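What follows draws every value from the coordinates through simple rules; no lab data is involved. Quick caveat, the model's predicted, so the values are computed rather than measured. Glycine also receives a Cβ, built like all others from the backbone with ideal geometry; neighbour counts cover every protein chain displayed.
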Amino acid sequence: MRIAIDGPASSGKSSVGRLVAEALGIGFLDTGLLYRAITRRAIDLGWFTAPITAADVAGAIYEQVRRDLTELARTTDVQGSGLSFTMVVGDVTLADSQLEAADVELYVPAVASIASVRDALRAVQRNVASRGGSVLVGRDIGTVVLPDAECKIFLDATAEERARRRALQRGFAVGSSEHQAILTSLIARDAEDRARPVAPLVAAADAITIHTDQMALADVVQRVMAEARKVAR
Ligand code: C5P
């Protein structure tokens, strides 16, 4: 069984996907970590000197940057198995904690908008999915990476609710400046992910959309499990 879970930033894809995979005894990969890992390496290598959007990176002056990022993507892989994968770019292993920083979130939509970067990472994602069953979470899993997945879910929630949850998860008070910064950042990131021409953030035509604003995490997990059971019959 392959379960594709897509949705906007901080919509609970990882928490839900991991719990569903655990319950079903299958693998789990958060594909956003692949894009974050390449972005982290590019920042650390000093390739970005000013904020850059998906629209900017498509321009002629960024041709060399696009080529360099594609080379990085071609050396990117995951290490591990089951519920636990670590990102590796070239010979550099990146801990998940290195991939959560605000600078990564600023640049990642631009990196993820490059078609040749996505082509390179698709193979890594399909390779994981082919090892027995898997839950893959991301933006284009149901539309591009696994268009024939048995179960497709699109998790949605208002930006306000997603920012509230993310702020609390990171230990920031609701209404704090950190909460406001999270809201601003996720709205900007979603806009870029939705607008890009290649593999944009959109629900697959055959995905079940679940609006989670009024739902507890356990209820969302139960709902996804129920959808998975329907197709497993
Ligand atoms: O899911 P997460 O927030 O970690 O994803 C980080 C970024 O990676 C997204 O904002 C998006 O630009 C990109 N991404 C993508 N396709 C995926 C997963 C993530 O373009 N399947």
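Scanning the range 142-177 for residues that are part of a helix (DSSP H, G or I) and surrounded by 15 or more Cβ atoms within 10 Å (Cβ to Cβ) yields Gly142, Thr143, Val144, Val145, Ala159, Glu161, Arg162, Ala163, Arg164, Arg165, Arg166, Ala167.
Within 16 Å of Pro8 (Cβ to Cβ), surrounded by 22 or more Cβ atoms within 10 Å (Cβ to Cβ), under 15 Å from the mean Cα position of the chain (by Cα) and of a type in the set (Lys, Arg): which single residue out of Arg139, Arg189 fits that description? Working first, answer last.
Values: Arg189 fails: surrounded by 22 or more Cβ atoms within 10 Å (Cβ to Cβ).
None of the other options fit; the residue is Arg139.
Among the residues making up the range 130-155, those that are of a type outside the set (S, T, N, Q), in contact with a strand residue (DSSP E or B) (Cβ under 7 Å, 6 or more places away or on another chain) and more than 12 Å from the ligand (Cβ to nearest atom) are Arg131, Gly132, Gly133, Val135, Ala149, Glu150, Cys151, Lys152, Ile153, Phe154. Scan the range 1-32 for residues that are surrounded by fewer than 21 Cβ atoms within 10 Å (Cβ to Cβ) and closer than 19 Å to Ser116 by Cα and the total you get is 1. With respect to (1) farther than 18 Å from Tyr35 by Cα; (2) of a type in the set (Asp, Glu); (3) touching a residue at least 60 places away in the same chain (Cβ under 8 Å), the lone exception for Asp213 is condition (3). Per the listing Val128, Val108, the residue uniquely closer than 19 Å to Leu45 by Cβ and part of a helix (DSSP H, G or I) is Val108. Val198 meets the stated requirement of being in contact (Cβ under 8 Å) with a residue 60 or more places away in the chain and assigned to a loop (DSSP other than H, G, I, E, B).
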